[in-house]
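Everything on this sheet refers to the single structure shown next.
The values are calculated or read from the model by the stated rules, or taken from the named source; none is laboratory data. Note that this is a predicted model, so its numbers are computed, not measured. Here the Cβ is made from the backbone with ideal geometry for all residues, glycine too, and neighbour counts use every protein chain on show.
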Amino acid sequence: MIAFWVLALALIASGVFTITASKPVYSVVGLLGNFVVLAILYLTLQAEFLAVIQIVVYSGAILVLFLFVIALLSSGVKPFDEGTNRLPRVLIPALVLGGIALVTIVFSAVRSPSPAQPSITAGSPGALGQTGEAGVFGSVANFGQTLFTTNLLPFEVTALLLMVAVIGVVLLAGDDVPSRLQVRERGTEREPIVKSGEPLTR
Amino acid sequence: MRKNLFNVGALFHGFRTTFSYFFYKKPTIEYPSVKKQHAPRFHGLHELRRYGDGKERCIGCELCAIACPANAITVIGAENTPEDRHSPGERYAAKYEIDELRCIFCGLCEEACPTDAIVLTPRFEMADYRRGAFVYAKDRLLVAPDEGVGQAPDERPNGIPSDLGMVSEKKSTVDVATGYDATARGKYLKEHRRGLAG
Amino acid sequence: MQAAADLINAVPFWLIVLVKSGIVLLVVITTFAYSMLFERKIMAWMQLRPGPNRVGPWGLMQPAADAVKMMFKEDLTPNTADPLIYKLAPFISLITAMGVFAVIPFAEPTGTGFFGAIGDVNAGILFVFALTSIGIYGISLAGWSSGSKFPLLGSVRATAQMISYELSMTLSVIGVLILAGTTSLMGIVHAQDRVWFVIPQILGFIIYVITAVAETNRAPFDLVEAETELVGGFHTEYSGLRFGLFFIAEYLNMITVSCLATLLFLGGWNALFGLTFIPGLIWFLAKAGAFLFFYIWLRTTLPRFRYDRLMDFGWKVLFPAATLNLVLTAVVVAFWPTNG
């Protein structure tokens with residue numbers, strides 16, 4: 001209980017620091033602390049897998065990306081200005097592969113056995129010992145089962161949503177300054193996907 | 001890219017090469033403990049020779065100083081008197097200084113000398129802590145009186161010492177204390193030194 | 001015997017963990033120091049040089065001399081640096097590099113578990129990945145906070161490279177996890193009693209080796225600290241002990257990756273050819289040492305990658321190959337389930 005309060009306070013403090021920090025990179029450090037504290041909180045709940053995944057996914061992948069973006073915030077690179085439009089070439093293979101993946105996921109979701117009832121036994125020593133086995137709260141097996149059967153639709157929709165968000169961010173942030181000059185210099189053999197200089201929807 | 005990527009044979013060739021080098025005998029000469037024999041005419045530190053009777057060969061003609069492309073040699077000659085005779089001729093070098101930091105070890109002084117007084121030895125280890133110590137005066141350039149030979153300088157009892165260890169052993173001209181005295185600056189440094197160049 | 005067991009059981013758990021941590025820390029730091037000498041010696045020999053040989057017999061005291069040198073060097077902070085993060089970054093690097101050793105088992109646990117890991121975490125391998133993923137922050141924050149262009153470039157490269165290769169690395173390891181059916185490092189080693197995973201997972205092992213080198217930013221993937229173009233990369237501005245911390249972290253990561261390769265693919269402390277009279281700890285150390293040797297061998301042999309080729313290689317070759325390996329493993333395990 002003491003651990004919970006300490007961790008909760010640390011969590012809130014790091015969250016506040018993230019928002020109020022004077023520099024973006026400080027915010028990143030704050031958020032990193034936040035994630036780590038949250039992972040420890042999960043650990044106190046015997047959810048080892050969740051804790052570790054929390055760090056791997058959030059701090060390891062997403063937040064690094066943030067840091068990356070912040071470090072290069074003023075680089076002035078226009079993501080869509082360069083290169084030819086390769087969408088027509090990759091469209092059909094991408095669709096085929098995506099279709100196969102979709103069919104596989106749906107197939108496995110339909111065929112898999114019904115999810116075992118998670119027995120929430122936090123605190124008991126048994127829960128600590130069998131994180132890898134099914135039927136234990138926070139176990140790998142349970143995670144997979146939940147993600148790919150019961151909550152498959154929300155999972156996939158969230159993924160799609162994140163994807164759309166990423167593309168949206170690239171579009172919004174990518175073309176602040178009209179760079180007609182650059183395009184003219186480069187010649188007409190390259191056709192930008194997004195025409196520079198055209199105002200985008202804000 | 002693709003061509004290089006699948007060229008695994010080259011990769012293994014490289015690995016084999018480095019691995020075989022691992023067992024090679026290393027050609028490194030571990031210098032301070034192992035010393036290499038020099039070429040017989042190596043140009044190192046200078047020395048001033050004597051005749052067999054102990055007289056200096058140098059007659060203070062300053063031809064070496066004129067020949068020197070780096071202006072490293074300073075010679076001030078003086079007249080020999082019957083009471084104070086240094087060399088066989090009329091004059092001798094009252095002051096003879098070589099700044100070894102300026103010297104380029106070309107050996108032109110050696111060739112210019114009419115009496116074979118100045119020669120270059122194979123000695124090269126003259127590192128020191130003070131710049132003043134590199135100005136070698138007569139006290140460090142002249143060989144000991146008993147090391148002189150007759151007419152030809154190459155006919156000394158022990159020959160021209162070209163073996164490094166032997167030279168530094170026989171003629172320990174690395175006399176730092178007098179080296180400091182060679183110049184006023186060196187003298188000052190010697191008096192004020194703190195634990196260096198003992 | 002019973003009395004002894006009772007005595008051991010009477011020792012509180014936290015004390016055992018503390019003592020174990022102390023021992024592991026001591027051993028790991030010493031190993032770091034000598035792995036540095038090991039590397040310099042091997043590199044020298046492969047380049048026809050004798051290597052460090054002045055301090056002590058055969059240069060064996062070189063690590064001590066280096067440590068003293070590090071300690072007495074001035075600790076500089078550039079004016080343009082962000083002082084808080086500049087000082088924080090080396091610690092992030094070091095702590096994550098050291099924390100990994102908490103879950104790495106070195107040998108079969110005895111009755112008291114003394115020679116096992118400090119703690120056998122069930123999600124052991126994931127714990128390792130979690131910590132190494134935090135380790136990226138040490139490098140990228142160090143580069144950013146130095147307030148100088150070379151470190152920034154180095155850290156941006158580091159971040160991109162480590163994210164790209166961590167993906168393939170994780171994918172290559174998942175193949176092992178599928179075969180072992182557990183995420184506990186101890187369990188993975190036990191699953192290799194009969195056959196090492198390097199045989200069924202040879203593609204995974206190759207991918208792991210390549211990505212491991214890239215993950216630890218070592219040659220030929222040391223774009224992060226490419227001397228010829230970036231001076232020193234992310235640690236250009238660091239000096240003295242703070243630089244030393246990065247240095248320690250780099251070598252600890254090397255050791256970690258070697259230990260992981262041993263545990264995941266080379267059978268951990270399982271003996272080869274049935275030579276079971278040699279203790280498991282020796283086997284483990286020998287395997288990890290051999291991997292470390294390979295690491296250094298790689299460094300002396302291969303020239304540095306160009307940055308765009310590094311990215312090409314990571315995303316267009318390694319990533320598909322790792323995915324293929326994962327899918328193949330999954331299919332094989334799904335259709336021919338064995339109890340191994």
When every residue in segment C:165-196 that is of a type in the set (Ser, Thr, Tyr) and within 16 Å of C:Ala261 (Cβ to Cβ) is compared, the one nearest to the other protein chains (Cβ to nearest Cβ) is C:Thr170
Quick one: in segment C:121-140, which of the residues that are of a type outside the set (S, T, N, Q) and more than 7 Å from every other protein chain (Cβ to nearest Cβ) is surrounded by the most Cβ atoms within 10 Å (Cβ to Cβ)? C:Ile139
Out of all the residues in segment C:260-316, which are more than 25 Å from C:Thr228 (Cα to Cα), out of contact with any Asp or Glu (no Cβ under 6 Å at 6 or more places or on another chain) and small (Gly, Ala, Ser)? C:Ala261, C:Gly267, C:Gly268, C:Ala271, C:Gly274, C:Ala286, C:Ala288, C:Gly289, C:Ala290
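So which of C:Phe101, C:Phe106, C:Phe114 is of a type outside the set (Val, Ile, Thr), over 20 Å from C:Tyr86 (Cα atoms) and modelled with pLDDT of 80 or more? Please lay out each step first, then the result.
Details: C:Phe106 fails: modelled with pLDDT of 80 or more; C:Phe114 fails: modelled with pLDDT of 80 or more.
The match here is C:Phe101.
Criterion first (within 14 Å of another protein chain (Cβ to nearest Cβ), more than 24 Å from C:Ser93 (Cα to Cα), of a type outside the set (Val, Ile, Thr) and buried (at least 18 other Cβ atoms within 10 Å of the Cβ)) does C:Leu318 satisfy it? Quick ask: steps written out before the conclusion?
Working: within 14 Å of another protein chain (Cβ to nearest Cβ): yes; more than 24 Å from C:Ser93 (Cα to Cα): yes; of a type outside the set (Val, Ile, Thr): yes; buried (at least 18 other Cβ atoms within 10 Å of the Cβ): yes.
It is true that C:Leu318 is within 14 Å of another protein chain (Cβ to nearest Cβ), more than 24 Å from C:Ser93 (Cα to Cα), of a type outside the set (Val, Ile, Thr) and buried (at least 18 other Cβ atoms within 10 Å of the Cβ).
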For C:Gly268, work out the one condition from (1) part of a helix (DSSP H, G or I); (2) under 25 Å from C:Ile174 (Cα atoms); (3) away from chain B (no Cβ under 14 Å) it doesn't fulfil. (1)
Going through segment C:46-68 one residue at a time, which ones are within 24 Å of the chain's Cα centre (by Cα), outside any loop (DSSP other than H, G, I, E, B) and not small (Gly, Ala, Ser)? C:Met46, C:Gln62, C:Pro63, C:Asp66
Checking C:Pro57 against (1) touching an Asp or Glu at 6+ places or on another chain (Cβ under 6 Å); (2) without any contact (Cβ under 8 Å) to a residue 24 or more places away in the chain: exactly one of these is not met. Which one? (1)
Could you give me the residue pairs with C-beta distances under 8 Å whose first residue belongs to segment B:99-115 and is closer than 13 Å to B:Cys64 by Cα, whose second residue is surrounded by fewer than 16 Cβ atoms within 10 Å (Cβ to Cβ) and of a type in the set (Val, Ile, Thr) wherever it lies, and which are 6+ apart or on separate chains? B:Ala112/B:Ile66
What residue, among those in segment C:232-251 that are buried (at least 21 other Cβ atoms within 10 Å of the Cβ) and among the hydroxyl-bearing types (Ser, Thr, Tyr), is nearest to C:Thr30 (Cα to Cα)? C:Tyr251
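For (1) touching a residue at least 40 places away in the same chain (Cβ under 8 Å); (2) within 20 Å of B:Ile98 (Cα to Cα); (3) in contact with a Ser or Thr (Cβ under 8 Å, 6 or more places away or on another chain), each residue gets a yes or a no:
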position: B:Arg49; (1), (2), (3): yes, yes, no
position: B:Gly54; (1), (2), (3): yes, no, no
position: B:Leu63; (1), (2), (3): yes, yes, no
position: B:Pro69; (1), (2), (3): no, yes, no
position: B:Val75; (1), (2), (3): no, yes, no
position: B:Glu79; (1), (2), (3): no, no, no
position: B:Arg85; (1), (2), (3): no, no, no
What number of residues in segment A:37-53 are under 19 Å from A:Phe17 (Cβ atoms) and either within 12 Å of another protein chain (Cβ to nearest Cβ) or at pLDDT below 75 (or both)? 2
Subset of segment A:13-26 that is at pLDDT 80 or above and of a type in the set (Gly, Ala, Ser) - its residue that is surrounded by the most Cβ atoms within 10 Å (Cβ to Cβ): A:Ser14
Considering only segment C:23-46, how many residues are surrounded by fewer than 16 Cβ atoms within 10 Å (Cβ to Cβ) and of a type outside the set (A, V, I, L, M, F, W, C)? 2
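Would you point out the residue of segment A:20-33, among those that are free of Cβ contacts under 8 Å to residues at least 40 places away in the same chain and more than 18 Å from C:Gly135 (Cβ to Cβ), that is farthest from the chain's Cα centre (by Cα)? Lay out the reasoning, then the answer.
Within segment A:20-33, the first condition is being free of Cβ contacts under 8 Å to residues at least 40 places away in the same chain, and the residues that meet it are A:20-23, A:26-27, A:29-33.
After this cut, where a residue has to be more than 18 Å from C:Gly135 (Cβ to Cβ) as well, the list is A:20-23, A:26-27, A:30.
Numbers: A:Thr20: 23, A:Ala21: 23, A:Ser22: 25, A:Lys23: 23, A:Tyr26: 21, A:Ser27: 18, A:Gly30: 18 Å.
The qualifying residue farthest from the chain's Cα centre (by Cα) is A:Ser22.
For segment B:118-129, which positions are hydrophobic (A, V, I, L, M, F, W, C) and modelled with pLDDT of 80 or more?
First, the residues of segment B:118-129 that are hydrophobic (A, V, I, L, M, F, W, C): B:118-120, B:124, B:126-127.
Once the filter is applied, which keeps residues that are hydrophobic (A, V, I, L, M, F, W, C) and modelled with pLDDT of 80 or more, segment B:118-129 yields B:Ile118, B:Val119, B:Leu120, B:Met126, B:Ala127.
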Could you tell me whether C:Gln62 is polar (S, T, N, Q) and under 18 Å from C:Leu241 (Cα atoms)? yes
Among the residues of segment C:281-309, how many are more than 11 Å from chain B (Cβ to nearest Cβ) and in a helix (DSSP H, G or I)? 14
Conditions (1) at pLDDT 85 or above; (2) surrounded by 15 or more Cβ atoms within 10 Å (Cβ to Cβ); (3) more than 20 Å from C:Ile29 (Cα to Cα); number of the one not met by C:Met254: (3)
